[in-house]
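Please treat every number below as a calculation from the coordinates, not as lab data. Keep in mind that what you see is a predicted model, and the values were worked out from it rather than measured. Positions of Cβ are backbone-derived with ideal geometry, glycine not excepted, and every protein chain shown enters the neighbour counts.
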Amino acid sequence: MAVLPRPFDAEPLDRTSPEAKHVQLRESLRRYIGTYCGPGTGIPSERQLSDYFGVARMTVRQAIDALVAEEVLERIVGLGTFVARSKVDLHMKMTSYTEEMIRRGMVPDARVLSFEQQGATPLVARELQIEIGQPVVRFRRQLLADGEPMSVDENFIPAHRVAGILDDPPPTSLYNVLSEKYGLVMEWGEDTIEATAASPSIARLLNVEMNAPLLKIQRHAYVARAMVDYSVSYYRADRYKLWVPLQRPGVRTPRAYSSKRLG
């Protein structure tokens, strides 16, 4: 985590103002953060802010609570309060990670962890609805944006569907290769989303603490009625928030929802 880039000198409170002290303090902190602090910068403790502004710690806590609620700040248990990193909306759609990051003005990148053929384990066989030991292509990557780890993705595809795919370098966009080279256009899918804690190996890849909260998404993707891809993805909970549009059956939406899939 970054530290304050300069001695803390936020605007003092106006003791003659009718505006509540915690509101003044909140806005003073907001201006200071917007001017001097980047994402991940730590701010002074409640005690230090109480002394600096000459107010009760409860007043400080009210101001910080409001900024945490607005996602300007974030508390990390055992470490302190920091300027929040912006979160990417996780909209569920079968488009590529590369396309989505470019659309958001971020530079996408990926580090291939494995690209190989192996026999389907009992778990993979069950999820792909194939026989145990049947050849599958395993494609595992660490996905990054602006040089920072964002997620770890692992895809399993029946090998007979993608003959010769291992003869070429690992694809930059898996779904583009499946579509353009093999005619496998993913038409629909089913996602299972759950909260989980980072294992030691996933924590290292995502640059988070062990047991840090993650979003785990398992996907079954289909071409017509045939399942072609089973994937498991782990997303950093501090960089993603799940966005799900809701609509009553039979009612047309007044807007076109844009969605995403990092794949």
Rank Thr59, Leu79, Gly38 by how far each Cα sits towards the positive end of the charge dipole of the range 21-83 (+1 on Lys, Arg Cβ; -1 on Asp, Glu Cβ) and give me just the farthest.
Thr59
So, counting K/R as plus one and D/E as minus one, what does the shell of residues with Cβ under 15 Å around Leu79 add up to?
-2
Exposure proxy check on Thr172, Thr16, Thr81, Thr59: fewest-to-most Cβ neighbours within 10 Å is Thr16, Thr172, Thr81, Thr59
Distance in nm between pseudo-label sites at Ser45 and Val107 (7 Å out along the Cβ direction from Cα)
3.8
Mind giving me the nanometre distance, one decimal, between the label points for Tyr36 and Gln117, set 7 Å out from Cα along Cα→Cβ?
6.1
Could you please report the charge total around Ser50, scoring K, R as +1 and D, E as -1 over all other residues with beta-carbon less than 15 angstrom from its beta-carbon?
+2
Under the Karplus curve 6.51 cos²θ - 1.76 cosθ + 1.60, θ = phi - 60°, whole-Hz ³J(HN,Hα) for the range 207-218, x wherever Gly or Pro sits
6, 10, 6, 4, 6, 4, x, 10, 9, 10, 10, 9
If every Lys and Arg gets +1 and every Asp and Glu gets -1 at its Cβ, then about the Cα centre the range 21-83 yields a dipole, in debye to the nearest 20, of 180
